[in-house]
1. Please report, ordered by residue number, the strands (runs of 3 or more DSSP E) entirely within region 134-180 with at least 3 residues that are under 13 Å from the mean Cα position of the chain (by Cα).
2. Which of the residues that make up region 136-150 are hydrophobic (A, V, I, L, M, F, W, C), in contact (Cβ under 8 Å) with a residue 24 or more places away in the chain and closer than 17 Å to ASP165 by Cβ?
3. Report every pair of residues separated by at least 6 positions or lying on different chains whose Cβ atoms are under 7 Å apart, first residue within region 189-205 and closer than 20 Å to VAL83 by Cα, second among the charged types (D, E, K, R).
4. Collect the residues in region 69-105 that are among the polar types (S, T, N, Q) and either assigned to a strand (DSSP E or B) or at pLDDT below 85 (or both), keeping them in residue-number order.
5. Could you tell me whether ASN158 is surrounded by fewer than 20 Cβ atoms within 10 Å (Cβ to Cβ) and modelled with pLDDT of 80 or more?
6. For region 39-93, which positions are polar (S, T, N, Q), out of contact with any helix residue (DSSP H, G or I) (no Cβ under 6 Å at 6 or more places or on another chain) and more than 24 Å from GLY181 (Cβ to Cβ)?
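The values are calculated or read from the model by the stated rules, or taken from the named source; none is laboratory data. Keep in mind that what you see is a predicted model, and the values were worked out from it rather than measured. Quick reminder, even Gly has a Cβ in these numbers, built from the backbone with ideal geometry, and neighbours come from all protein chains shown.
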Amino acid sequence: MMRFLFIILSFLSIHTLVYGQKTEQEIIEKINSEAMKLASMQCEFVQTKKVVLLNDRMVSKGKMFYKQPNKLRWEYTTPYTYVFVLNGSKISLGKNQKDVIDVNQSKVFKEIASIMMNSVVGKCLSDKKSFKTTIKASNSEYIATLIPRTKEIKHLFNTIILHFDKQQSFVIRIELIEKNGDTTTIDLKNIKKNNPVNDQVFSIH
């Protein structure tokens, strides 16, 4: 379950350093500016898990919805169903969302929820406590390599690589590399920003 939560966290985290003619502050201001305009977001995703020992890969698909200030739904639809919903101080997860957690009753979940939401609105950009980050660029992307600093994330991942659109400043691919060499890649498709999202999508049963 914690691994799943950190996948979500990784998707929402954007940390930047200096690249080319842009200073660190300029990049941060650009991403902050775009993040503050993000009232809602929805997309489809394809997740590919490569297992080194089995020389095999597993592909799953799903949908993601986000709405300011504190609503998120991450839903796997193929080949299995699994749903994670964050709505305010409540988190529900599982096939039928039967497991409900009050983040105010759990320090760990409260921290995760705070980081997730702060990342989306750009408040975590100057936070160097969680990751050591380097960044390079292609013609269309910034590619950020994150080395975990906290023991919780170090236990799960060796490296996290975020690809985000250079012009629109949102993540389009996440690569999660584990200590044993297994990798998980999540590609975001058909991204729609600021389209209406029904609050029922974020309901917690």
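1. Details: elements: 141-148, 159-165, 171-177.
Per the criteria, 159-165, 171-177.
2. First pass over region 136-150, keeping only residues hydrophobic (A, V, I, L, M, F, W, C): 137, 143-144, 146-147.
From what's left, in contact (Cβ under 8 Å) with a residue 24 or more places away in the chain: 137, 144, 146.
Across region 136-150, the qualifying residues are ALA137, ALA144.
3. Within 7 Å, the pairs are LYS189/GLU44; ASN190/GLU44; VAL197/LYS67; VAL201/ARG73; PHE202/LYS67; PHE202/LYS71; PHE202/ARG73; ILE204/LYS90.
4. Of all residues in region 69-105, those among the polar types (S, T, N, Q) come to 70, 77-78, 81, 87, 89, 92, 96-97, 104-105.
Once the filter is applied, which keeps residues that are among the polar types (S, T, N, Q) and either assigned to a strand (DSSP E or B) or at pLDDT below 85 (or both), region 69-105 yields ASN70, THR77, THR78, ASN87, SER89, SER92, ASN96, GLN97, ASN104, GLN105.
5. Working: surrounded by fewer than 20 Cβ atoms within 10 Å (Cβ to Cβ): yes; modelled with pLDDT of 80 or more: yes.
Answer is yes for this residue.
6. In the first step, residues of region 39-93 are kept if they are polar (S, T, N, Q); the result is 40, 42, 47-48, 55, 60, 68, 70, 77-78, 81, 87, 89, 92.
Narrowing the set further to residues that are out of contact with any helix residue (DSSP H, G or I) (no Cβ under 6 Å at 6 or more places or on another chain) leaves 40, 42, 47-48, 55, 60, 68, 77-78, 81, 92.
Selection gives SER40, GLN42, GLN68, THR77, THR78, THR81, SER92.
Listed here are the residues, each with its yes/no results for (1) in contact with a helix residue (DSSP H, G or I) (Cβ under 7 Å, 6 or more places away or on another chain); (2) of a type in the set (Ser, Thr, Tyr).
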{"position": "ILE161", "(1), (2)": "no, no"}
{"position": "GLN168", "(1), (2)": "yes, no"}
{"position": "ILE174", "(1), (2)": "yes, no"}
{"position": "LYS192", "(1), (2)": "no, no"}
{"position": "SER203", "(1), (2)": "no, yes"}
